[in-house]
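Scroll down for the structure; my scribbles are underneath it.
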Amino acid sequence: MTLSPLGDTAVVLALGHEMDEATIMRVRALTAALEHNLPAGVTDIVPAFTSVTVFYDLAQVGSYEQLCAELRTWAGRAASRPPFEMGRLVEIPVCYGDEFGPDLGEVAAHANLSAAEIVALHSGAEYRVHAIGFVPGFPYLGGLPAKLHTPRRATPRTQVPAGAVGIGGAQTGVYPLATPGGWNLIGRTPLALFRAQETPPTLLRMGDRVKFQPITAKEFVAWK
Amino acid sequence: MEMTVIRAGVLTTVQDAGRPGHRAMGLPPGGAADAFALRVANLLVGNPEDAAALECTLVGPELVFSADTTIAVGGASFESFPSWQPVRVRAGEPVGLGPCRTGCRGYIAVAGGIDVAPVLGSRSTYLPAKLGGLEGGALRDGDRLPLGTAIRSGSIGHWHINPSLLPAYSASPVLRVIRGAQAEEFDSVWLKAEFKVTSKFDRMGLRLNGPKLARTKDWELPSAAVAPGTVQVPPDGQPIILLADAQTIGGYPKLAHAIGVDQPLVAQLQTGGTVRFQEVALAEAQRLWLARERDLGILREGLAQKFK
């Protein structure tokens, strides 16, 4: 484990370099340990694929070095915790291609496959939520078939519609809100992934399993 | 007591100190883009420094109050209203700020604070998810906002705060930064160059324009936490400085991070401004932060005397 500063308000605990199962389990175990017993002065925790980032209030933690020493102790304790259960299976309906997924053709060209083969591969796989972030409720999904890996767009779009399903590098996910975004858009879901007034406000939680279910444009419009 | 928005301006929202603690579900802490200005404006009217105030962008709103009160404006300076001092305003008399003279974002604190319902622990407006503030949106002409009860009163006199307490607001600041995780993957040209602020700026971040920053490595990074102040470089080589409503996680290389005491300078940049970067050590950034907090503590104590 290496610790490094993220600006002057956070410290990144890097738990591995590869997005492999062992690293993911370490990230989840450390996150659970921290959430269970928050160290004094820690204001926020951001688990992601290979790291856990801890935001702190400098006035409360004393110094960066002191916090790092404390976090090393926490990480040691977390390593001895039992692994997590698999999480729920959540099905997400997606209308692929055309105006719902304007980059499906580019992804197909990059993979040297047909659009139908891309849809079959994307909806055939089972994914796991490795982090929620970017915007509220956005799931970072592990398990994208290697053939579908596609670099992010050179310039991010200034507006991606809510529900857009995209591929960015080795990752796939769903945009819960209309935001800027740099991923290749291959489809769109009619489901709402973030609802501020509900508890919890996010449809998905870290650790959930996800499958995409292809639907037609007609079914998309009728979905309410 | 309430405040009516006669004219809302370009983009005026309710903001407080933000809602930390929800990043794990992807919700950024948000809050005032220039948190220093919010805190001082609140202190000037006798509020707790994290009370909800208005954040306006480029053009100030025109407001009218249902009872006599005290307001203070901080951050950007405006053509028709003084900055960094408490001002008594009369019930029913319209108060207009006019356009921004310097800076980008002004903070209008009202004695008692703006009393909209908190969402997930904060009154801050988070526009992308339409939550907080007044029904999750920017203010519109005719909106009415409930105000809290002022907890302090007393004669305010004619005075303003010592300008030496303020951040070095400028249209072309030198931003002090800490190296980012991928800084060594970029040529050091970014520390010598001047970057222009483009027209693409909002509460999530500012896109800059300057020499194309080429990365020596081309593999994709696993997405990890980013924060307000993070300077990231997308594949087009033009850096983005993140602001208060920035995403919680990002996949672009992190070149640097604006230090806490200089983040108000980022919030006050607008199109046509320029930025240079200067690297400082983490220890120096944190020393400056604690010094700023001490100064604010002294200001808080001094103002408490005035409100007795």
### Task
Normalising by the residue count of chain A, find the relative contact order in percent from Cα pairs under 8 Å and 6+ residues apart.
20 percent
### Task
Considering only lysines 8 or more places apart in sequence, or on different chains, count the pairs in the protein assembly as shown whose C-alpha atoms sit under 24 Å apart.
15
### Nearest-20 debye value, the protein assembly as shown charge dipole, Cβ charges on Lys, Arg, Asp, Glu
240 debye
### Task
Specify which residue in the list B:261, B:58, B:111 is farthest towards the positive end of the charge dipole of the protein assembly as shown, using unit charges on the beta carbon of Lys, Arg (+1) and Asp, Glu (-1), about the Cα centre.
B:111
### Task
Name the shape class, rounded, prolate or oblate, that the alpha-carbon gyration tensor gives for chain B, where a ≥ b ≥ c are the square roots of its eigenvalues, rounded holds for a/c under 1.5, and otherwise prolate holds if a/b is larger than b/c and oblate otherwise.
prolate
### Query
Separation of segment B:102-174 and segment A:24-46 by C-alpha centroid, Å?
32 Å
### Task
Return the sequence-ordered ³J(HN,Hα) values of segment B:75-84 in whole Hz as given by the Karplus equation 6.51 cos²θ - 1.76 cosθ + 1.60 applied to θ = phi - 60°, using x for Gly and Pro.
x, 4, 9, 10, 5, 10, 8, x, 9, 6
### Query
So for B:245, B:218, A:57, fewest C-beta neighbours within 10 Å to most, what's the order?
B:218, A:57, B:245
### Message
Taking only the Cα atoms of the protein assembly as shown, how large is their convex hull per residue, in Å³?
### Response
144 Å³
## Note on the structure
Quarter of the surface of the C-alpha convex hull for segment B:240-286, i.e. direction-averaged projected area in nm², equals 4.1 nm²
## Note on the structure
Computed, not fitted: 222 nm per-residue ellipticity of chain B from DSSP H runs ≥ 4 (each -39500 (n - 2.57)), nearest 500, equal to -4000 deg cm²/dmol
### Task
Above 17 angstrom, tally the Cα pairs of segment A:1-129 and express them as a % of all pairs, no decimals.
66 percent
### Message
Give me the dipole magnitude in Debye, nearest 20, for chain B about the Cα centre, with unit charges on the beta carbon: positive for Lys and Arg, negative for Asp and Glu.
### Response
260 debye
### Query
Of B:274, B:12, B:149, which has the largest mean-square fluctuation in a 10 Å C-alpha GNM of chain B?
B:149
### Query
³J(HN,Hα) across segment B:132-148 via Karplus (A = 6.51, B = -1.76, C = 1.60, θ = phi - 60°), whole Hz, x for Gly/Pro?
x, x, 9, 6, x, x, 6, 5, 10, 3, x, 4, 10, 10, x, 10, x
### Task
Would you mind checking the radius of gyration and Dmax of segment B:174-288 based on alpha-carbon positions, in Å?
12.9, 36
### Task
Using only the alpha carbon atoms of segment A:3-60, find the Kirkwood hydrodynamic radius as the inverse mean reciprocal pair distance, in angstroms to one decimal.
11.6 Å
### Query
Of all chymotrypsin sites (Phe, Trp or Tyr not before Pro) in segment B:105-174, which ones are in loop regions per DSSP and have a Cβ with at most 15 other Cβ atoms within 10 Å?
B:159
### For segment B:26-82, Kirkwood radius (reciprocal of mean inverse C-alpha pair distance, Å)
12.7 Å
### Query
Counting other Cβ atoms within 10 Å of each Cβ, which trypsin sites (Lys or Arg not before Pro) in segment B:183-245 have at most 13 and sit in a DSSP loop?
B:192, B:212, B:217
### Task
Tell me the chymotrypsin sites (Phe, Trp or Tyr not before Pro) within segment A:1-85 that lie in a loop according to DSSP and have at most 16 other beta-carbon atoms within 10 Å.
A:84
### Value of relative contact order over chain B, rounded to a whole percent, pairs C-alpha under 8 Å and six or more apart
20 percent
### Query
Among B:120, B:97, B:181, which residue has its Cα positioned farthest towards the positive end of the charge dipole of segment B:67-218, with +1 placed on the Cβ of Lys and Arg, -1 on the Cβ of Asp and Glu, and the dipole taken about the Cα centre?
B:181
## Note on the structure
Between the alpha carbon centres of segment A:196-223 and segment B:1-76 the gap in Å comes to 35 Å
### Message
Translational diffusion coefficient of chain A at 10 °C, 1.306 mPa s, Stokes-Einstein with Kirkwood Rh over Cα pairs, in µm²/s as a whole number.
### Response
85 µm²/s
### Query
Which angle from 0 to 90°, rounded to the nearest 10, does the C-alpha axis of helix B:282-306 make with the longest principal axis of chain B?
0 degrees
### Task
At 7 Å along the Cα-to-beta-carbon direction for both residue A:114 and residue B:135, put a label point, then send me their distance in nm to one decimal.
4.9 nm
### Query
Just the C-alpha atoms of segment B:21-142: what Rg/Rh do they give, with Rh taken as the Kirkwood radius?
0.96
### Message
Please compute the contact order of segment A:2-80 in relative form: average sequence separation of alpha-carbon pairs under 8 Å and at least six residues apart, divided by the residue count, as a percent.
### Response
33 percent
### Query
Where does the longest stretch of chain A lie that holds no GluC sites (Glu not before Pro) found in a DSSP loop with 12 or fewer other Cβ atoms within 10 Å?
A:127-197
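We did not get these values from a lab; they are worked out from the coordinates using the rules stated. The model shown is predicted, which means the values in this text are computed figures rather than measured ones. Cβ coordinates were reconstructed from backbone atoms using ideal geometry, including for glycine residues, and neighbour counts include every protein chain displayed.
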